[in-house]
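The values are calculated or read from the model by the stated rules, or taken from the named source; none is laboratory data. All of these numbers come straight from a predicted model, not from anything done at the bench. For neighbour counting, all protein chains shown are included, and Cβ atoms are generated from backbone atoms with ideal geometry for every residue, glycine included.
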Amino acid sequence: MSAPQEFLKELNDESVVTRKMLERVPEDKYDWRPHEKSMSMMQLAGHIAELPSWISMAFTTDELDFQASAYVPPALNNNQDLLGLFEKSFAEAKEKLESNSNADLSPAWLLKNGEQVLMSLTKGGLIRHALSQTIHHRAQLGVYLRLLDIPIPGTYGPSADDPSF
């Protein structure tokens, strides 16, 4: 199996749980945050929903420079928008992984803020980073939901709320 196919399998597997978590985000708690330094529920959920787009970005760019192109978060007004963003990001990532090869993962990719290089990776490294970030932030979202007493789906096995996983 090629590396893009392995990434695709992981993306597909992780998308099932990610979708379940995003479906549980309560619309009336979009502005809620567990701490003043934390992202709001919607900022975190929106970030998770768009992270698959970093996989597409790996194949279509050589860098992201925050200074050259200011980040504008997508407008998300409800869970339909949130899930729509996730499904669009997921579909685009899936298409890129299906149509690229191992050789496409080797070129360098940079994350910059002007002249400051924040990360220097291969394109394959960026894909790994995007998948890891999805898992990391999804776990964060699980804590947010737990603190609000919202049932957590099983992830890699049962949860206290989903014992039949």
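For the reader, a short list of remarks on this structure follows.
- Checked against the criterion of being modelled with pLDDT of 95 or more and closer than 30 Å to Arg33 by Cα, the candidates Leu97, Leu110, Leu145, Leu105 yield just one match: Leu145.
- When the stretch 139-165 is filtered for residues that are within 18 Å of the chain's Cα centre (by Cα) and in a helix (DSSP H, G or I), the ones remaining, listed by number, are Ala139, Gln140, Leu141, Gly142, Val143, Tyr144, Leu145.
- Pairs where the first residue, in the stretch 19-39, is more than 16 Å from Ala139 (Cβ to Cβ) and the second is polar (S, T, N, Q) and loosely packed, with under 14 Cβ neighbours inside 10 Å, C-beta under 7 Å, 6+ apart: Glu27/Asn78
- Test: residue in the stretch 119-138 that is surrounded by fewer than 14 Cβ atoms within 10 Å (Cβ to Cβ) and part of a helix (DSSP H, G or I): yes
Yes/no per residue for (1) surrounded by 14 or more Cβ atoms within 10 Å (Cβ to Cβ); (2) within 21 Å of Ile127 (Cβ to Cβ); (3) touching a helix residue (DSSP H, G or I) at 6+ places or on another chain (Cβ under 8 Å); (4) without any contact (Cβ under 8 Å) to a residue 40 or more places away in the chain:
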| site | (1), (2), (3), (4) |
| --- | --- |
| Ala70 | no, no, no, yes |
| Asn77 | no, no, no, yes |
| Leu83 | yes, no, yes, no |
| Phe86 | yes, yes, yes, no |
| Ser89 | yes, yes, yes, no |
| Ala93 | yes, yes, yes, no |
| Glu98 | no, yes, yes, no |
| Asp104 | yes, yes, yes, no |
| Trp109 | yes, yes, yes, no |
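- Screening Leu110 against (1) over 30 Å from Leu147 (Cα atoms); (2) in contact with a Leu (Cβ under 8 Å, 6 or more places away or on another chain); (3) in a helix (DSSP H, G or I); (4) not charged (D, E, K, R) leaves a single unmet condition, (3).
- Number of the condition not met by Gln43 [criteria: (1) touching an Asp or Glu at 6+ places or on another chain (Cβ under 9 Å); (2) modelled with pLDDT of 95 or more; (3) over 17 Å from Ala130 (Cβ atoms)]: (1)
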